[in-house]
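Here the structure comes first, spelled out in structure tokens, and everything after it is commentary.
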Amino acid sequence: MIQMTLKKYLIGAAALLALAAIAFVPHGLLDQTSRPAFCNLCHPMHEQYEVWFLTGVHRSIKCVDCHLPNNNGPNHLIWKGIDGTKDVVSFVSGVYPDHITATAHAKKVIRDNCIRCHNEMVSRISTEGRDCWSCHRRISHRLNEFSHSSL
């Protein structure tokens, strides 16, 4: 019970931080934080960034196009604040895993964004109970035999 209350407070605090950032952050800074090079600055994600950059799969889109909700503007900004705050705290504190994995919420967001962008193709197949990247392994941001073949 205490953990749920703490989680609600943290989400509320992150949402307030996001709203304050929108209101007081200099114009253009919010756009800068949406660029892949910015994500690579302080995250322990150099390998993921390199795979994204070198393989060409989805290279023309930004990280936030897949990794943040894009169903409406306020939801996008709230989760940008929540995820950004979590990422900064993790990096500054040095408490982050050696192997980064997507949370259940992140996987749902990514899957929803895949379907949103590829709706015409996806409408012809059943995606029930499957994640897009279980078949499309090249989009997982990991160096493997599939990404090496395109280098």
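Laboratory data are not the source of any read-out in this text; all were calculated from the coordinates shown. Bear in mind the structure is a predicted one, so any value in this text is a computation, not a measurement. Here the Cβ positions follow ideal geometry from the backbone for every residue, glycine too, while neighbour counts run over all protein chains shown.
Quick rundown of the values:
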item	result
Spherically averaged projected area of the stretch 1-136 from its Cα convex hull (nm²)	10.2
Order by protection proxy (mean Cβ within 10 Å, highest first), peptides 45-55, 28-38, 122-132, 77-87	77-87, 45-55, 28-38, 122-132
Full-extension gain in nm, residue 9 to residue 123, via 0.36 nm per residue minus C-alpha separation	37.2 nm
Given charges at beta-carbon only (K, R positive; D, E negative), |dipole| of the stretch 59-133 in Debye	120
Residue-count net charge about residue 37 - beta-carbon cut-off 13 Å; Lys, Arg +1, Asp, Glu -1	+1
Cβ-defined net charge surrounding residue 13, 12 Å radius [Lys, Arg +1; Asp, Glu -1]	+3
11 Å beta-carbon shell around residue 134, net charge (K/R +1, D/E -1)	+3
